[in-house]
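Okay, so here's the structure we're looking at.
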Amino acid sequence: MTDPQPLDVLAAPLEGHHLIEASAGTGKTFTLTAIYLRLVLGHDPADPERRPMLPPEILVMTFTRDATRELRDRIRARLATAARCFAGAADPDPDDGILGALLAAYPDPDIRQRHADHLRAAADWMDEAAIYTIHSFCHRMLQQHAFEAGNAFALELSEDTDLITREAIEDYWRETVYPLDAAQLDALGFMLSGKSEDPRPSVERFAANLQPLLSRCDSLPSPADDDPMASIRPGAERAARAVDALRRAVASDLEGFDQALGDARTSGCLPGNRKPTTKTWASTLKPALAEWVANPAQPRPGIDVGQVSLSTLRNGTPRGRTLPEALAEHPIATAADELQAAQTALAGAAGPFYAHAVRWVARRVEATQHQRGVLGYSDMLTRLRDALDQPDAGARLAATIRQQFPVALVDEFQDTDPVQYRILQAIYPADAPASLILIGDPKQAIYGFRGADLATYLSAAAHVPVGQRYTLDRNYRSSTGMVEAVNTLFGESPLTPGPFHPDAIDFAPVAANGRSETLWIGDQPASAMTLWQLEQEDTPDESLPLPVYRQQMAEVGAEQIRQLLDRAAEGDARFENGGAPRAVQPADIAILVRSGQEAGLIRAALRRRGLASVYLSDRDNVLKTPEASDVLRWLQAMATPESERRVRTALGTASMGYDWATLDGLFSDDARWEAALEQFQDYGERWQRQGVLPALRQLIHDHSLASRLAMQDSGERTLTNLLQISELLQEAAATLDGSGGLIRWLDEAMQHRGESPADDRILRLESDAALIKVVTIHKSKGLEYPLVFLPFVCSYRSARAEPPFVRTGDDGPEIAFEAGPDDTAAAQDRQQAEDMRLLYVAITRAVHACWLGLAPVRESAKTRPGTVHLQRSAIGRLLGWPDAATPMDLGPCLEALARRSQSVTRERIQPASVPAAAATSAVAPLPAMAIARHYTSPAPGQARWWIASYSALVEDGPRAAIPGTAQADILAEESRDAPLAPAAPPDSRTDALAAIPAGPATGTVIHSQLEALASRQFPGADDPAFSAIVDRGLRGQRWRPWVPAIRDWLAAVTDSDLPLPGAAPVRLSTLDAEAFVAELEFLVAIGRVRASRIDAIIQRHTLGGVGRPALGENELNGMIKGYIDLIFCHEGRYWVMDYKSNRLPPSADARPSEALEQIVREKRYDAQYALYLLALHRLLRARLGDAYDYDIHVGGAVCFFLRGISQSGRGIHAERPDRALVESLDALFNEEPEHV
C-alpha cells in the first residue's frame, strides 16, 4: 500500500473520500474534533465558498456506545471553547495550534462574532448531533425512511434474537429430519457426528455447527438443489447396502475372520500392535460384531468398523510384506472397506446440506422477525444494505440520506465489515457531491471475532485516491522513550517484508511529542521498555513448556510489581514533573493478558503477595460470572422449595459461603433444616407476591451476605454481581411468564455466546479504579496506562482451521469440515497476523514504561527440551528468531535489540519463589467450599461497636447473632429450646394441639400466619380471608397432616377473650385497624454496658424480684435490635405482646399461671419483654411528648403462650412492671456508644 502523506488538519480538503491512518496515541480523537470544528465553521481553503454546518448535518459513526458518548462530550467542549475564543471571551490554549490558526484565519471582528454565534448555536445543537454507532445509524435510517426502505414503521429492537434463531433451527430439523427413513437417519447422524459407532442425529450438534455459519450467509454458495437430502440420499443408500453386506459377512464367517487375523499375526504379516490390536479385537470388536448380528433390531455394531476395513489392514502390514489372501479377500474386510468409503462420501455431503440449512434458517428468521416486528443488531445492517441495493428505490434512499448527512466521519474504520462498508459505498459513492472521511489504524484491527474484516479496510483504502490518504505522524500519548522503543521494536525488526505481513500493512515510525512528567526509579529515569529474560540456573540449555513459562512469569511479574510498589512507598519509584513528585500507585499499573487463564495466574500470584487486583475483560458479563450460577440455584430452590436437594444445593453455593461444618450442622438438625426449607418457601411466596428482586434481597439479608462478603478479598465484587444480577432478573421478569420462564431465561442467558454483553450486563464496581488492573488486550484498546506489564508476551496459540469453516474452492466459497494443508496454513497466517496486531496494541498502551517477560518457550513438556518455539509468537517474529535457534541464543538476541535503542533494557531475572504463606499450601488446594472455616473473630461482646439482640443478653460469644428479620429473630429464639421428638399426626381433635410438632419450624410458620392475619385485621375463622391466609401458609407437603389442627388453633387464638391484669379481656379479632401494629422493628442505642448491669435492673423490677438464671457476660456497645410481635391499644393503654409456641409442661393444665411464670423465668422472657417495654416507652415519649405518662399510657407486657389457648388463663402471662424499670433502663442506655 502506498505510504500516506502526513495530515495537515487545517489545510486538507473536506470534499470527497479521505482516509486517515491514526497510529496508536497520535491524537485521533483530537483530529476528529478538529475536522468537526472546521466543518461547523465551513473552513476549507480548497473551497472558500463552503457553507458552515450544524451538528445534525454531520454524521459521525463509531463502533461502541461508550465511544459515541465520549465523542459527543469532546466535540461539545471543543465547540463551546471555540465559541468563547471567537467571541473574545477567552484565549485559546497555547498547546491548541488548531484553534489558534482558525482564529488567525478570520481576523475581521465582525466575521469572528458571526462565527462565535454559529459555534454557540452548534454547541447548543449537540443534543441533536448525529453521532451514532453503525447499528444505531442503520436503525434510525430504517425508522426515518421506512417507506423508502420497505420496512414497517414500528420496529422493536431486540438485543438478543437467539430465541427466534433457535426456533428456526428446530423448525428446519422437524421439517427435514423427522420424515427420514432409518437408513437416511443413520447417514445423517454419521454426517453430523463423524462417528460411525454412534451415528445418531443430534439437533444440538447440528445447531452448534450451523450457528457460526449463519453470520456468513451472504458469502455462502446457494444450494444446487432445493432438496436438502439430495446430496445425502445416494450416500445413505450406499451406506445401507454396505451395512447389510457387513452384517451378512459377520453372520457367515466371523470365526473365519478371527482365524485369519490370528494366522496373519503368527506369520508376522500383521503385528499385534497394529489396528486392530490383538487386545482390542478380542475384548471389544469381535464381541460387538457378534452381539450386533445376534440382535437384528440393532442398526449398527456400535464400533468403528474402519478398524477391520481392508485399507486399515493393509496400512498395518509391514513394508515388504503382503496381506494374506484370507484377509485381503475376506467379506468382512471388503464390506467394512465399502462402508468406510460410503461414510467418507457422506462426510463430503455435509457442505451442501449445511448450505441449504443456512439459507432456509436465514429466510425463516427474517420472516419471523418481519411477522413479529422485531429487529436484531445484525439485521439492522443487512436490512439497510438490502434497501440500498434495490435497483431504483435504493438510489433514492441513498440520495435522501446523503442530503440529510452531506458529510460522514467514520471512526475506528479498521473494525468495519463488508456489510457496513457496502452501506457507506451506497450512500457516499465516489462521484457524489459529499464527504466521506474514514479514520482508523489497520495495525489495531483486533476484533475479527466480532466480524470485523481487515480485508475490507484494505480494499477501501485502495479505492481512496493516493492524494487523499493521510497519516498522523506524532504521538501525544507516550513518553519520548516509549515512542522510541516502539519504533525500534516494530520499525527495525529483521522480519521481512514487515512485521504485519501478510496483511500488507506498513509500519511508519512516529515522532514523539513527549510528556511533562517522567518516571523515576531510584536516582535515574526508568527505562521505557524492559525485556525480562527468564533464566534457569540449573538447565540454561533447556526451553520452558508454555504452561511452566506462564506459571513462572506470573510469579516473576507479581514479585517485580511488589518490589516496585515497595520502592514507591519509600519514595523511590515516582513521577516527577518539576513539582512535588507523585509516588507510583497500584492504579498506575496495568497487566495485559490474552485470556482468563493468564489473568487467573497473575492475580493469584499478586494475592499471595497481598496485592489486590481487578480483572477487566472485553467480555465482562455479569451473567457469565460464578455468581450467576449461584443465583440460578437459588431461584430453582425458591421455585421448588419442596425439593430438599435443590435447597441443599442453594445453601451450598459459593456465594453463600457456608463451610462444611456449618452445612453439616444444618443438614443434620431436623429443626434447623425444616426452618431452612420454610425459609425458601417464604422466598418463593415473596417472589410471587412482590417480585424476584425483593425475594433475592431478602435472601441476601437473611444470610448476612453483605457483612460476610465484606470480610473477603473479592467480597465487594461478589456482592455487586449478586445485586446487579437481581436487578437484571427483575427487569426480565416483566416480560416473562412465571418463575419457570425467568429461570429458563437466566439459564439461556448464561449459555448465550454473544460476543459482547449489553450495557446493563457489563460488570460494574467503582472501587476497581484504585486497584492493579489485569486487563485483556482487547479490553485495553483505546485506553492508556502509565505502566504496562506483559508477563506472558511469549505465549501463542496453535492455529487450527476449526470446522465448520468457509474456504474458496474451484467453484467459489464452500463449507468444509475437513481441514487440508492449505486451510491450516491460512489459519496460521491469520493467527500470526492477529497476534502481531495484538502485541502492537498492548505495547502502545504504555505511557511511561512497559515490561515484557521473555523466555525460550516450547509448546509442551512432551516436546524435546532443546526445542524453542519462540518464532511462533509475535514477539519472537519481531526479534527475528530463527527456527533452528537454541535456548542459549535468547540472551544475545535481546542484547542486540537493547543496543539498537537507549530506551530498551535487557534484565536477566531468575524464577521468583512463592511467598512463604503460599508455599505451605497444597499444590492443588481444595475448593474454598471444601475447607472448613473456624470462627476466629472476637466474640461480639469484645467488639467496639455492634448490633445486638435479645439473644445477646442470654448468650455469650459468636452465637449472639444479629437478627436480620423478624423470622430470623424467631428462629434464633426457638432454636435455643431443646429439640423434641417429632410428633405423630393427631388421631382426634382433642389431642390435636398437643400433637403439633414443636421447634423452630413450627414457631416460624405460626408467627408468619399471625403476621399475615394481622395484615388483614385478624379475620374470623368464617371469613374467606382467614382460610386463604392459612391455606397459602400451610401449602407445603410437610404441613399437610397438621392443616386442620393449625387452622383450629389459629381460629381460637384470634377469636378468644384474652385476660389482662387491670383491664377487660381483649380479643384480637375485634381490634380496630388503627389500634395495633404487628412486627414492629426497633433499634435502641446503648454504650458499653455489660449484660449483667441490665440483668440487675430487670431482676429487681420484674416477677416480684424472685431468683432466675443470670444473663450472659457480653458487653453491649452500639445498638439493640428487636421485633415486637404485636403492640395494641386497649382501653387507652398500650401493650406489647410476644407470641410463644413452646410446648407446655403437664403442670400447666393444673396450675397454668405458675407454670407459665416458671417458663418465663427459665427462658428469661422477662428480659425480652423488658426491652420491648423500653422500646415502647421511648416510642410513646417521642410521639406524645410532654403529655406522655408511663403510669397512664402503658398497660404492660404479655407473653402469649399459644399452646395454652384452651386453658383457663388462655396461655397469657402478663405483667406491668413499675415505671422504675423503664426509667432505670433508659438512663443506663443513654450512655453514648463508642464508635471505631
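Which residues, taken from segment 1194-1209, are under 57 Å from the mean Cα position of the chain (by Cα) and of a type outside the set (Gly, Ala, Ser)? Full working, then the answer.
Initially, segment 1194-1209 is screened for residues under 57 Å from the mean Cα position of the chain (by Cα), giving 1194-1205.
Hits for segment 1194-1209 are 1194, 1198, 1199, 1200, 1201, 1202, 1203, 1205.
Among the charged types (D, E, K, R), within 30 Å of residue 432 (Cα to Cα) and at pLDDT below 95: is that true of residue 72 in this structure? For residue 72, the condition - among the charged types (D, E, K, R), within 30 Å of residue 432 (Cα to Cα) and at pLDDT below 95 - is met.
Rundown of residues vs (1) under 36 Å from the mean Cα position of the chain (by Cα); (2) assigned by TED's automatic domain parsing to the domain that holds residue 515; (3) at pLDDT 90 or above; (4) surrounded by 13 or more Cβ atoms within 10 Å (Cβ to Cβ), yes/no style:
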| residue | (1), (2), (3), (4) |
| --- | --- |
| 831 | yes, yes, no, yes |
| 897 | no, yes, yes, yes |
| 918 | yes, no, no, yes |
| 923 | yes, no, no, no |
| 928 | yes, no, no, no |
| 931 | yes, no, no, no |
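In segment 1105-1153, what residues are in a strand (DSSP E or B) and free of Cβ contacts under 8 Å to residues at least 60 places away in the same chain? Across segment 1105-1153, the qualifying residues are 1124, 1127, 1129.
Using the structure shown, decide if residue 79 is closer than 17 Å to residue 30 by Cβ, in contact with a Ser or Thr (Cβ under 8 Å, 6 or more places away or on another chain) and in a helix (DSSP H, G or I). Write out each step before concluding.
Values: closer than 17 Å to residue 30 by Cβ: yes; in contact with a Ser or Thr (Cβ under 8 Å, 6 or more places away or on another chain): no; in a helix (DSSP H, G or I): yes.
When the stated conditions are applied, residue 79 does not pass them.
Hey, which of the helices (runs of 4 or more DSSP H) in segment 629-695, taking only ones fully inside, have at least 1 residues that are of a type in the set (Lys, Arg)?
On the way: elements: 644-651, 660-668, 670-690.
Counting at least 1 such residues, we get 644-651, 670-690.
The single condition among (1) in the same structural domain as residue 412 (by TED's automatic domain parsing); (2) surrounded by 20 or more Cβ atoms within 10 Å (Cβ to Cβ); (3) modelled with pLDDT under 95 that residue 427 does not meet is (3).
Residue 1051 falls short on exactly one of the conditions (1) under 17 Å from residue 1009 (Cα atoms); (2) of a type in the set (Gly, Ala, Ser); (3) at pLDDT below 90; (4) out of contact with any Leu (no Cβ under 8 Å at 6 or more places or on another chain), and that condition is (3).
On the given criteria, is residue 518 surrounded by fewer than 20 Cβ atoms within 10 Å (Cβ to Cβ) and modelled with pLDDT of 95 or more?
Working: surrounded by fewer than 20 Cβ atoms within 10 Å (Cβ to Cβ): yes; modelled with pLDDT of 95 or more: yes.
Yes; evaluated as a whole, the condition is true for this residue.
Residues checked against (1) within 15 Å of residue 308 (Cα to Cα); (2) of a type in the set (Asp, Glu):
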residue	(1), (2)
202	no, no
214	no, no
218	no, yes
246	yes, no
256	yes, no
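Could you check segment 389-431 and list, in sequence order, the residues that are part of a strand (DSSP E or B) and under 21 Å from residue 379 (Cα atoms)? Walk me through it before giving the result.
The first filter runs over segment 389-431 and keeps only residues part of a strand (DSSP E or B), leaving 407-410.
410 - this is the single residue of segment 389-431 that is part of a strand (DSSP E or B) and under 21 Å from residue 379 (Cα atoms).
Residues that are crowded, with 17+ Cβ neighbours inside 10 Å, more than 13 Å from residue 691 (Cα to Cα) and either modelled with pLDDT under 80 or under 13 Å from the mean Cα position of the chain (by Cα) (or both) within segment 724-753 comprise 724, 725, 746, 749, listed in sequence order.
The condition of being in a loop (DSSP other than H, G, I, E, B) and among the aliphatic types (A, V, I, L, M) holds for only one of 462, 508, 485, that being 508.
Conditions tested, residue by residue: (1) modelled with pLDDT under 90; (2) buried (at least 16 other Cβ atoms within 10 Å of the Cβ); (3) outside the structural domain of residue 18 (by TED's automatic domain parsing).
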site	(1), (2), (3)
454	yes, yes, no
487	no, yes, yes
497	yes, no, yes
504	yes, no, yes
522	no, no, yes
527	no, yes, yes
532	no, yes, yes
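Rundown of residues vs (1) assigned to a helix (DSSP H, G or I); (2) under 15 Å from residue 306 (Cβ atoms), yes/no style:
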residue	(1), (2)
259	yes, no
274	no, yes
279	yes, no
286	yes, no
293	yes, no
296	no, no
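As for segment 148-155, it holds no residue that is in contact with a helix residue (DSSP H, G or I) (Cβ under 6 Å, 6 or more places away or on another chain), at pLDDT 90 or above and in a helix (DSSP H, G or I).
Taken together, 579, 571 contain a single residue that is at pLDDT below 90, more than 30 Å from residue 536 (Cα to Cα) and assigned to a loop (DSSP other than H, G, I, E, B), which is 579. Here residue 454 passes the criteria (1) of a type outside the set (Ser, Thr, Tyr); (2) free of Cβ contacts under 8 Å to residues at least 24 places away in the same chain; (3) within 15 Å of residue 19 (Cα to Cα) except the one numbered (2). When residues in segment 836-890 are screened for being charged (D, E, K, R) and buried (at least 22 other Cβ atoms within 10 Å of the Cβ), 4 of them pass.
Identify the single condition in (1) on the phi < 0 side of the Ramachandran plot; (2) buried (at least 16 other Cβ atoms within 10 Å of the Cβ); (3) of a type outside the set (A, V, I, L, M, F, W, C) that residue 1079 does not satisfy, given that it satisfies every other one. The number of the failed condition is (1).
Hey, any hits in segment 1154-1165 for a residue that's buried (at least 21 other Cβ atoms within 10 Å of the Cβ), of a type in the set (Ser, Thr, Tyr) and at pLDDT 90 or above? Checked against the condition, which is being buried (at least 21 other Cβ atoms within 10 Å of the Cβ), of a type in the set (Ser, Thr, Tyr) and at pLDDT 90 or above, segment 1154-1165 yields at least one hit.
Residue-wise test of (1) touching a Ser or Thr at 6+ places or on another chain (Cβ under 7 Å); (2) loosely packed, with under 15 Cβ neighbours inside 10 Å; (3) not in a helix (DSSP H, G or I).
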| site | (1), (2), (3) |
| --- | --- |
| 1179 | no, no, no |
| 1191 | no, yes, no |
| 1209 | yes, no, yes |
| 1214 | no, no, yes |
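From the list 346, 323, 388, 384, the lone residue that is farther than 30 Å from residue 813 by Cα, touching a helix residue (DSSP H, G or I) at 6+ places or on another chain (Cβ under 8 Å) and either crowded, with 18+ Cβ neighbours inside 10 Å or of a type outside the set (Ser, Thr, Tyr) (or both) is 323. In segment 432-452, of all residues being part of a helix (DSSP H, G or I) and not basic (Lys, Arg), the one that is surrounded by the fewest Cβ atoms within 10 Å (Cβ to Cβ) corresponds to 449. All conditions but one from (1) farther than 21 Å from residue 475 by Cα; (2) surrounded by 14 or more Cβ atoms within 10 Å (Cβ to Cβ) apply to residue 96; the one that does not is (1). Of the candidates 1069, 1027, the single residue that is small (Gly, Ala, Ser) and either in a loop (DSSP other than H, G, I, E, B) or over 50 Å from the mean Cα position of the chain (by Cα) (or both) is 1069.
Test residue 657 against the stated conditions and say whether it is farther than 16 Å from residue 726 by Cβ, of a type outside the set (A, V, I, L, M) and free of Cβ contacts under 8 Å to residues at least 12 places away in the same chain. When the stated conditions are applied, residue 657 does not pass them.
Residues in segment 999-1020: is at least one at pLDDT below 85, touching a Pro at 6+ places or on another chain (Cβ under 7 Å) and surrounded by 15 or more Cβ atoms within 10 Å (Cβ to Cβ)? Looking through segment 999-1020, at least one residue is at pLDDT below 85, touching a Pro at 6+ places or on another chain (Cβ under 7 Å) and surrounded by 15 or more Cβ atoms within 10 Å (Cβ to Cβ).
The values are calculated or read from the model by the stated rules, or taken from the named source; none is laboratory data. Note that the coordinates shown come from a computational prediction; the quantities given were computed from them, not determined experimentally. All Cβ positions, even for glycine, are placed from backbone atoms using ideal geometry, and neighbour counts span all protein chains on display.
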